[in-house]
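Engineer: My questions will all concern the structure given below.
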Amino acid sequence: MVERLWQLYQHDMSEFRGSYPNAEGFYPAGRLPLFLTEADKCAYLVHHDGRPAGFAFVRGLSSGLRVMGEFFVVRAARRQQVGRETAVQVIRRHPGDWEIAFQEENPGAAKFWRRVVADLVGPNYKDESRPVPGKPKIPPDSWLSFRI
């Protein structure tokens, strides 16, 4: 199920990253296997009305800096507080220092993450732009840093 949701996620992201599926029509698994197998990471499956609706992947559980590695909600469940409730629950489950990255070219994600973080910590967060490592042709990511 997560592998299928990953394909939907990658398809959504292709709009902002210019990525295409391979010759068989699939997007690469990328970091997905790491979130499902490594001890420092965890994956949450999101359900809405009893149906699969997305995922949240967190890394840095033992390093002291948690990072929302990947986050996805299917379009049918968007604008129904599913993403917000999931994000808040996941972040609160892992108190400590956090970072969340997103692309400014994705206005829905930019608005969503800034609102979620502001609701959690008020103005007590840092908002900065950082280059994407190893991908100089891609616009920088925006990063929100905060403590829960």
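Engineer: Net charge around residue 36, counting only other residues with Cβ within less than 15 Å of its Cβ (Lys, Arg = +1; Asp, Glu = -1)? Provide the component values of the computation, followed by the final result.
Structural biologist: Values: positive: 4, 31, 41, 59; negative: 3, 38, 40, 70.
Charge balance in the 15 Å sphere: 0.
Engineer: Hey, another quick one. Cut-off 10 angstrom, C-alpha nodes, Gaussian network model of the chain. Which of 117, 58, 88 fluctuates the most?
Structural biologist: Largest GNM mean-square fluctuation: 88.
Engineer: At R0 = 22 Å, how high is the FRET efficiency between residue 43 and residue 78 if r is their beta carbon distance? Nearest 0.05 is fine.
Structural biologist: That pair, residue 43 with residue 78, gives E of 0.65.
Engineer: Suppose the chain between residue 2 and residue 124 were pulled fully straight at 0.36 nm per residue; how much longer would it get relative to their current alpha carbon spacing?
Structural biologist: Answer, rounded to one decimal: 40.6 nm.
Engineer: In region 85-133, if every C-alpha pair distance is counted and binned at 10 Å from zero, what percent goes to each bin?
Structural biologist: All Cα pairs considered, the percentages come to 21, 58, 22, 0.
Engineer: What number comes out for the charge environment of residue 103, summing +1 per Lys or Arg and -1 per Asp or Glu over other residues with Cβ under 9 Å away?
Structural biologist: Its environment carries a net charge of -2.
Engineer: While we're on this one: Sorting check: for 109-115, 66-72, which peptide has the highest mean count of neighbouring beta carbons within 10 Å, and how do the rest follow?
Structural biologist: Top of the packing list down: 66-72, 109-115.
Engineer: In addition: Place a +1 charge on the Cβ of each Lys and Arg in the chain and a -1 charge on the Cβ of each Asp and Glu, then give the dipole magnitude about the Cα centre in debye, rounded to the nearest 20.
Structural biologist: For this selection, approximately 240 debye.
Engineer: As an exercise, identify the GluC sites (Glu not before Pro) in region 1-34 lying in DSSP coil whose Cβ has no more than 13 other Cβ atoms within 10 Å.
Structural biologist: When the GluC sites (Glu not before Pro) of region 1-34 are filtered for loop state and at most 13 Cβ neighbours within 10 Å, 24 remain.
Engineer: Reported to two decimal places, what Rg/Rh ratio describes region 1-44 when computed on Cα atoms with Rh from the Kirkwood expression?
Structural biologist: Using Cα coordinates only, the ratio equals 1.01.
Engineer: Additional query: What does a probe at residue 148 reach in region 28-68, counting residues whose amide N is under 18 Å from the point 7 Å along Cα→Cβ?
Structural biologist: Inside the label zone: 40-47, 54-68.
Engineer: Based on the Cα gyration tensor of the chain, what are the three equivalent ellipsoid semi-axes, each the root of five times an eigenvalue, rounded to whole Å and given largest first?
Structural biologist: 22, 19, 16
Laboratory data are not the source of any read-out in this text; all were calculated from the coordinates shown. Quick caveat: nothing in here was measured; it's all calculated off a predicted structure. Every residue, glycine as well, gets a Cβ built from its backbone with ideal geometry; the counts of neighbours run over all protein chains shown.
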